Each structure stands twice: as C-alpha cells, then as structure tokens.
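Every number here is computed from the coordinates shown, using simple stated rules; none is lab data. Since the model is a prediction, treat every value here as computed from it, not as a measurement. When we count neighbours, we look across all protein chains shown, and the Cβ atoms used for this are built from the backbone with ideal geometry, even at glycine.
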Amino acid sequence: MKFLAARRRHPAVALLLLLGTLVAVTAAWAGISASTSNAAAAYGNDQTQVTKGQQLYAEGCATCHGVHAQGTQNAPSLIGVGAAAVQFQVSTGRMPLANLGSQAARGPVTYTPQEISDLAAFVATLGPGPAIPAAADVNGWTTADRTLGGELFRTNCSQCHNFAGRGGALTNGKWAPSLMHATPTQIWEAMLTGPQSMPVFGDATITPTDKQAIIRHIMELRTDSNPGGLELGRFGPVTEGLWGWVVGIGVLLLLSVWIGARVR
Amino acid sequence: MSFSDKSDKRAVERLLDGASEPEILAAHSVTNVGPQPASGVEHTLRRTDVDVESAKRAERQVAMFFGLAALSFIGFVVAFFAIPKDKTVYLPVIGDTSASNAALGLAMGLGALLIGMGAIHWAKKLMSDVELVQERHEIKPDADTRASAMAQIAEGGLESGLGHRKVLRRSLIGAMALFPLPLILPLLDLGPRPTGQLKHTLWSKGMPIVVDVTYQKIRPEDIPVGGLVDAVPAVLPSVEEATHNLNDRAKAAIILVRMRPGEIRSQQGPNWDYEGILAYSKICTHVGCPTSLYEQRTHHLLCPCHQSTFDLADSGKVVFGPAARRMPQLAITVDAEGYLVARGDFAQPVGPSFWERTS
C-alpha cells in the first residue's frame, strides 16, 4: 500500500483511472446487452440494425404506436406483428400514415430499403411474428403453377380484390387495393400478415407453393392482353355501362345533331 | 282528290327528278294531296339547289362515302383471312389487344358508318328539303257513324239471343270460367319441387373440414388470429366427381375465421367455435351470393352483390343490407387426430329464403 500511497499524486494516475473505468463500464454494458442481442440474433438481425431501427422508430413511429410500441388509440400495438408487417407497411408507403382516415393508402415511400430493414429488425425484437420471406422463396413464383394460382386466387382473393386484381370497395369507406403495383415480396407479406382489414392467409392453409402460384397469377394478370379492346379498369358492368352511356350515347347524340343540322 | 289528273301526276313525277324550287311548290299545290307546303315558313335555298357545280360536288362526296364503305368491307374480308387469330397488337389508349378483332371491328364499323354518312349527306345536300305540313283528320268519328255502330251492337245482342236465353248465357259463363284450369294446372309439373335438398348439406358429424382448391385437412394451429380459410367438406371432391355438378359445393361452402376468444360476443349455439375458430356459411342469406369479403379488424363479412353485412363476432347477425336472416353457423370441433371437423349439419337451411322454409 505504501507503493500506491506514495504515487497517488503521480500525473499518470488520472489517466489510468479513466482507462480502468472505461474498461469496467464496457464490460458491464456487454454483459447487460448480451441478453437483447441474443433476442435479436434469434430473428436473424444484428445489434447495429436493431439500434438504428430503434432510433428510427423513436423518431418516426413512436408518436402513434407508443414509446414501447404498445399502441395508442390512434394506432395498433406493434408487439408481435413481425418484420414482414413492417416491411409491407413501410415499403408500400402506407406507413408513416399520411392522415387518419378509414384506411392507409399506398403512397410515396419515406424510408430507404436499409432503413426499412433496420425498422423491421427492431420491431422483430419486440415479440415473435412473421419474418420477411426469403428472396429464394418469393422468386419461386416465376416457375409456379398458374392454373393452381388462378383457382386459389378466385377462391381466396377475388372476392375483395376483383377477379382481375384491380381492387374493390369494402364497408364504411374501406377498400381492397389494386394488386397491380405490389411487388411479389409485398404480396407474400400481405398474405402472411393480413394488413389492415385483410385477413391472414397463413402458410399452413395457403402453403408457400400456393403463395408462389397466386403471385404468378397476379403478375401475369398485369400483362394479359384485352381481346375485346378497352379494359376499362376490368371492373365489369359498372365502368362498361358508364362508358356505354357517356361515350356511346354521347357519340350518337353528336351524330344526331349532325343529321338534324340544316345545310346551306 | 287523287292522281287521276294526268297533269298532276306529271307534276309529282318531276318532284323526284330534280325539279326547281318554284316547280316543286307548284306541284304540291296542284296535286292537293298529302303534305302541303308550309305557309308562313320562309324557305331558304341551299347552295346545291341553285348551283349545278355545287350539286355535282355533293354527288361526288356521297359517291366517295359509298366507295370508301365498299373498300372497308373488302378490307374486312382481307383482314379475316390475312391476320392470324392469336396475334396481338399494341394500340394507344386501348393497350394490347387482339389484332384480328380490332381490324375486323374497325373495318365493319367504318363501312357501316360511311354508308350512313353517305345517306345522310345525300339527303341533306341533294334531296328536296321543302318544309311541308300534313293535316291529320280527327280521330273521333262523327255522330252518325257512332250511332250506327251502337245500333249494330244492340242488334247483334238481340239476334244472338244472349239477352233472353238464360241457360245458354249461364252455360257459356261456366265453360269460360273453367277454361283457365287446363292452362294453369300443368305449371305444377315444372321441375322437381324443393324437398329436403334445400335443408341439408354435405356436412355431418365428424366430417373433416378441408381447404378449398387444395383439399388439405386443417389443424386449429394452422389458422392464426385474424386468419381466413375458404373451406369445404372433405367428401366434396368425390361427390362432385359422381354428380358432375356444383350443387353441393353451392350449399356446403364455408369460411373459417379465427378471433381471440374474448372478441366473440355471441354465437348461434353454446361453444360452437373451437378455441376462437368460427365456421360460417359462405352463402349469403339474401339471394345466395358467395360472401367471403371478411374484414379481420371489424369481423364484418360483406356480400359483394348487395352489400349485406354480417357481424361474425356477434353470431353472424345482419348489420347492414337487404339480407333478412343471420349467416348460419356451423358447429365445429377436432377429431382424435387433431383435425378440425364438423359437429353436424347446419342447424338451419343455408342460403336464400324459400317458401317451404320453417325456421
């Protein structure tokens, strides 16, 4: 002790003490954060992504979804919604919500793909939920069975999204959006997570093979030709009737005006 | 009053032969038949009436319309044979469309339009456009004619003896009263009358519930909260194979939805759900459209045909629209292997109402 006591006013002491404190704090932090990083690892995300995602969450999402993602009267809880739900909502521009209405609409995307995956990584740590589908699974649609996809689509999807995927009306101002813009990953995520009014079509009843087939059907619906001419939104009799009455009868009216006009 | 006078006849013939304006007017006043030139309307002559060159030009224009129409129809024949049926072509505004359909439609439509335009142009530029008035006689006949008609009717009644021969009159009324019977009675033979088939479906005790299209069995854990499954009875594919129709599918189609048990406010029977999984008919009780527009947040089921809305969290009762009855619920449970099965048939007939319904 005499050795230490004699040197306690040495100029190097302050430096050594600072170093020692730093090491101790770092070690303690590593021990504390080990539990959270394990949780993150379980969903295949690294700690820096989660930390970044948490920051982005606090800045852009916490106002509505709550500081602890517990939800408020304006927005649902995000605990257990999974990374797939986050990627779907944010990558389609539905979130951050532009304004409170009957339903969030597809819009301009606010976050970069990297930021979206950070956010998704953070929300995945809040509770177990559907993960983002693997690119290899989603890309399987290119070789999937379209006949099966068409049958599944007409049984499970067409009642809301229209038989040609052009969308349709629901109750109280809600609507099923058109499927003409969603990416294959987004379609997969929508089936998996059931965004907003849409029910969940889980992997057990609509298997990944079925999902690939449905996606192929949707992707090819977009490029199908129109043997009869104008597709008019493929909404059926409503737009066809409107076209007939406004354009068809309009042209007939102009023709009758011409027929009745006096010549000089 | 008619064309008996030869000079009148000639005047009318000249009407059809490019007569001049005064001649036309004169001809009409001479014949004194049919429409007469309207008095008090000032008639203005067209350029083609006074200028021979202008009339010739109009004639060439009409001939051009008819000629182009003929070309269109020849184009139709060429397109019919020349364009392969499966060839598509990009048209602005319309997009990708069948080349054959587009060409045939355009050629036929254009040809018909050109014939019509030629005819109208002809009528407007070259045919007579004198304003004419035709008087109509009164519809009501004069007093003499009416009196004579009434007298004939009275005389007919007297001669037939309908007034005083009572047996004859009554037997005729009797025969006429029974005449509709042979016409109405055969309507009873119009097809089989609804018996049990409207009241029963393929569902029975222990019938496995399978996913529609893929026909795989379902475990309760396969359906997440908020999930929707369009399902049918496991026996359906073999029944369809045997009957070659979709009648049984039209009655037995159901949807499975899952909510948190706390969200279910009421059901049509005690514990007809299985751990929050509810099975409801997919067939609207209004006119029988398939309804599976299920909103997982509100638990509302919407029918796309007439917007009937059912609340599946509240025993499927109607919350909006023309449907009069709630959506029938199917009681379900799991079998020994853990697959979802029905606990029996629907307790009430599914689909739209019918006269013989008792519930």
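Thinking of region B:209-342 as a set of Cα atoms, what percent of all their pairs are more than 22 Å apart? Counting every Cα pair in region B:209-342, those more than 22 Å apart make up 34 percent. Only Cα sites of region A:43-131 enter the Debye sum here, all with the same form factor; the resulting log10 I(q)/I(0) across q = 0.13, 0.14, 0.24 1/Å is -0.36, -0.42, -1.31, listed in q order. Mean partner shielding of peptide A:192-204, defined as the number of other chain Cβ atoms within 10 Å of each residue Cβ, is 6. Picking from A:Ala135, A:Gly228, A:Ala85, whose Cα lies most toward the positive end of the charge dipole for chain A (charges on Cβ: Lys, Arg +1; Asp, Glu -1)? Checking the options against the dipole of chain A, the answer is A:Ala85. Legend: mean number of C-beta atoms from other chains within 10 angstrom of residue C-beta atoms, peptide B:208-220, equals 3.
When only Cα pairs below 8 angstrom with a gap of at least 6 residues are kept, chain A shows a relative contact order of 16 percent. Using the Stokes-Einstein relation with a Kirkwood hydrodynamic radius computed over Cα pairs, the translational diffusion coefficient of region B:147-189 at 37 °C and a viscosity of 0.692 mPa s comes to 258 µm²/s.
Residue exposure proxy: B:Glu42, B:Glu240, ordered by other Cβ atoms within 10 angstrom of their Cβ from fewest to most, comes out as B:Glu42, B:Glu240.
Residue exposure proxy: A:Cys160, B:Cys284, ordered by other Cβ atoms within 10 angstrom of their Cβ from fewest to most, comes out as A:Cys160, B:Cys284. Per residue of B:292-303, other chain Cβ atoms within 10 Å of the residue Cβ number 6 on average. Note on chain B: with a GNM built from Cα contacts shorter than 10 Å, the maximum mean-square fluctuation among B:Lys217, B:Lys251, B:Lys56 falls on B:Lys56. Placing unit charges on the Cβ atoms only, positive for Lys and Arg and negative for Asp and Glu, gives chain A a dipole magnitude near 860 debye about its Cα centre.
Placing unit charges on each Cβ (+1 for Lys and Arg, -1 for Asp and Glu) gives region A:166-264 a dipole about its Cα centre, and among A:Leu255, A:Ser178, A:Gly167 the Cα reaching farthest toward its positive end belongs to A:Leu255.
Above 19 angstrom, tally the Cα pairs of region B:62-157 and express them as a % of all pairs, no decimals. Result: 67 percent of Cα pairs exceed 19 Å.
Would you list which lysines come within 24 Å of B:Lys125, measuring only between C-alpha atoms, while excluding same-chain residues fewer than 8 positions from it? Within reach: B:Lys56. With the alpha-carbon atoms of region A:124-252 aligned to their principal axes, the span from lowest to highest coordinate is 63, 36, 21 Å, starting with the largest. When only alpha carbons are used to place a centre, region B:327-359 and region A:97-151 end up 37 Å from one another. Residue pairs exceeding 25 angstrom between C-alpha atoms, taken from B:Lys140/B:Lys166; B:Lys205/B:Lys282; A:Lys52/A:Lys174; A:Lys211/B:Lys217: B:Lys140/B:Lys166; A:Lys52/A:Lys174. Calculated over chain B, the projected area of the Cα convex hull averaged across directions stands at 39.7 nm². Arranged from fewest to most other beta-carbon atoms within 10 Å of their beta carbon, B:Trp203, B:Trp272 become B:Trp272, B:Trp203.
Over chain A, with a Gaussian network built from C-alpha contacts below 10 Å, which listed residue (A:Gly20, A:Gly229, A:Gly93) shows the highest mean-square fluctuation? Result for chain A, Cα springs under 10 Å: A:Gly20 fluctuates most. As a length-normalised measure over Cα pairs under 8 Å and 6 or more apart, the relative contact order of chain B settles at 12 percent.
Net charge near A:Arg264: determine it from the other residues with C-beta under 13 Å of the C-beta of A:Arg264, scoring Lys and Arg +1 and Asp and Glu -1. Result for the neighbourhood of A:Arg264: +2.
Please report the spacing between the Cα centers of region B:211-257 and region B:166-196 in Å, no decimals. The distance from the Cα centre of region B:211-257 to that of region B:166-196 comes to 47 Å. From the Kirkwood radius over Cα pairs of the protein assembly as shown, Stokes-Einstein at 4 °C and 1.567 mPa s returns a whole-number translational diffusion coefficient of 39 µm²/s.
Taking the Cα centre of the protein assembly as shown as origin and assigning +1 to Lys and Arg Cβ atoms and -1 to Asp and Glu Cβ atoms, the resulting dipole is close to 1260 debye.
Charged neighbours of A:Gly167, selected by a Cβ distance under 11 Å, balance to +3 (K, R count +1; D, E count -1).
Computed over neighbours whose Cβ is under 13 Å from that of A:Ala131, the net charge equals -3, Lys and Arg +1, Asp and Glu -1.
Here region B:209-342 is treated with +1 on each Lys and Arg Cβ and -1 on each Asp and Glu Cβ, and its dipole about the Cα centre works out to around 440 debye.
Quick one: helix A:47-60 against the long Cα principal axis of chain A, what's the angle to the nearest 10°, folded into 0 to 90? It is inclined by approximately 60 degrees.
Please find, in a Gaussian network model of chain B (springs between Cα atoms separated by less than 10 Å), the residue of B:Gln268, B:Gln307, B:Gln61 whose mean-square fluctuation is greatest. Greatest mean-square fluctuation among the candidates belongs to B:Gln61.
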